[in-house]
Amino acid sequence: MPPSELQGIAATPSGVALDIARVRAHLSAIRLGTTFHYFQEIGSTNTHARDLAEHGAHEGEVVIAETQIHGRGRLGRRWESPPFANLYLSFILRPSLSPRHAPQITLAAAVALVETVGSFLFRHPSIKWPNDILVDGKKLAGILTEAACDAERVDYVVLGVGLNINYSVAAMPEELRQRVTSMADLTGANVSRESVLVRLIQDLDRCYGELEESGFEALRPRWEAHFALRGQRVQVERGDQTVIGVAQGIDREGALIVEDEQGQQRSIVAGDVIPLDA
Ligand code: BTN
């Protein structure tokens, strides 16, 4: 039996639209997934969720689409969004966190995502700081969070998730095939997008609740248990700054700790990490 069927909703053939009613019927989340804004096609679910948030949308509303014409990744990159194959969704959050702690939502979401995909796969997914989900070194999912804050409070956070499910390697552009994977690629069978979606919403809901109630410290051991880069030489790039050193882990705030070539502990709050000696 493919792992997806263990989760209660059988896989629909790829190319079939998401059954949002079925997802809602299985959902027992607390705050996330209150309202679904479903689109066959959209520019970017994150962009639309930001528009909704600006116009007063509530915490927990979700924008989800079958395909994105301008799917956005981190650092201005494009997110490949083939139709009816994967999950592309964005949550509107109105957290009771300080602006300083808002970036930890990305880390909490990474914990939720590895727990979700780990429950469907017989493989150990890992986190590449800050927010790539990898299996066997290939990217399975990504997170793009965008926040609107003033000095004292967070107005809203849009939490966008792209998760490759029934995206066959053969259908990927040539440049992705060596570094991107999908759940179907890893299991050898089509996976129910609805099952993954239900589990993902519930895991995100739980991890987000833990973050708000207890802080990132409560989630850090689980994040660390999936950290892909510990002990590896890495190059971290931020703008025109580069740090080369050995990744140690993350600190209480979620910053990446790298011991640089001079033996100094560097605390990196944002940037792109490239594993060296891979
Ligand atoms: C990354 O790893 O670079 C982040 C990828 C985030 C992609 C998702 S898909 C749903 C949401 N809408 C977007 O335009 N981007 C995010």
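No value in this document is a laboratory result; all are computed from the given coordinates. Keep in mind that this is a model prediction, so the values were computed, not measured. Every residue, glycine as well, gets a Cβ built from its backbone with ideal geometry; the counts of neighbours run over all protein chains shown.
Observations on the structure shown:
- Between G15, G137, G76, the residue with the greatest mean-square fluctuation in the GNM of the chain (Cα pairs under 10 Å linked by springs) is G76.
- Share antiparallel - DSSP beta bridges, region 24-158, percent rounded to 5: 75 percent
- Evaluating 6.51 cos²θ - 1.76 cosθ + 1.60 at θ = phi - 60° for every residue in region 247-260, the Karplus couplings come out as 5, 9, x, 10, 8, 4, 8, x, 6, 6, 9, 10, 8, 7 Hz, glycine and proline recorded as x.
- Largest GNM mean-square fluctuation among G254, G188, G160, using the chain with Cα springs under 10 Å: G188.
- Cut-off under 5 Å, modelled amide H: who pairs with L140 long-range: I133, L134, V135, T181
- Derived scalar couplings ³J(HN,Hα) [region 217-233; Karplus, 6.51 cos²θ - 1.76 cosθ + 1.60; whole Hz; x for Gly, Pro]: 3, 5, 9, 4, x, 6, 4, 4, 5, 10, 5, 7, 10, 4, x, 8, 6
- Karplus-derived HN-Hα couplings along region 96-109 (A = 6.51, B = -1.76, C = 1.60, θ = phi - 60°), whole Hz, x at Gly and Pro: 8, 10, 6, x, 4, 8, 4, x, 5, 4, 4, 5, 5, 5
- Rounded to 5, percent antiparallel among DSSP beta bridges of the chain: 85 percent
- Amide H contacts of I250: I257, each under 5 Å away and 5 or more positions distant or on a separate chain (H built 1.01 Å from N in the peptide plane; Pro and chain starts excluded).
- One decimal place: the segment S119-V169 gains 15.8 nm when fully extended, by the rule 0.36 nm per residue minus the C-alpha distance.
- Pair D150, Q235: separation of 7 Å Cα→Cβ label points (nm): 4.3 nm
- Additional length obtainable on full extension of the chain from E41 to F84, 0.36 nm per residue less Cα span: 14.5 nm
- In region 178-278, the ratio of gyration radius to Kirkwood radius, Rg to Rh, stands at 1.06 when only Cα atoms are counted.
- Proportion of all alpha-carbon pairs of region 159-231 beyond 17 Å (%): 62 percent
- Note on the chain: Rg/Rh from C-alpha atoms, Kirkwood Rh, equals 0.95.
- Farthest toward positive dipole pole in the chain [+1 Lys/Arg, -1 Asp/Glu at C-beta], among L204, A112, S168: S168
- A convex hull fitted to the Cα coordinates of region 110-176 yields 123 cubic angstrom per residue.
- Inter-label distance, nm, simple model (7 Å from Cα along the C-beta direction), L276/Q262: 1.6 nm
- Placing unit charges on the Cβ atoms only, positive for Lys and Arg and negative for Asp and Glu, gives region 62-161 a dipole magnitude near 260 debye about its Cα centre.
- Springs between Cα atoms under 10 Å define the GNM used for the chain, and in it the highest mean-square fluctuation of L89, L176, L197 occurs at L176.
- Only Cα pairs under 8 Å and 6+ residues apart enter the sum, and on that basis the relative contact order of region 126-205 stands at 22 percent.
- Alpha carbon centroid spacing (whole Å) that separates region 181-232 from region 120-149: 8 Å
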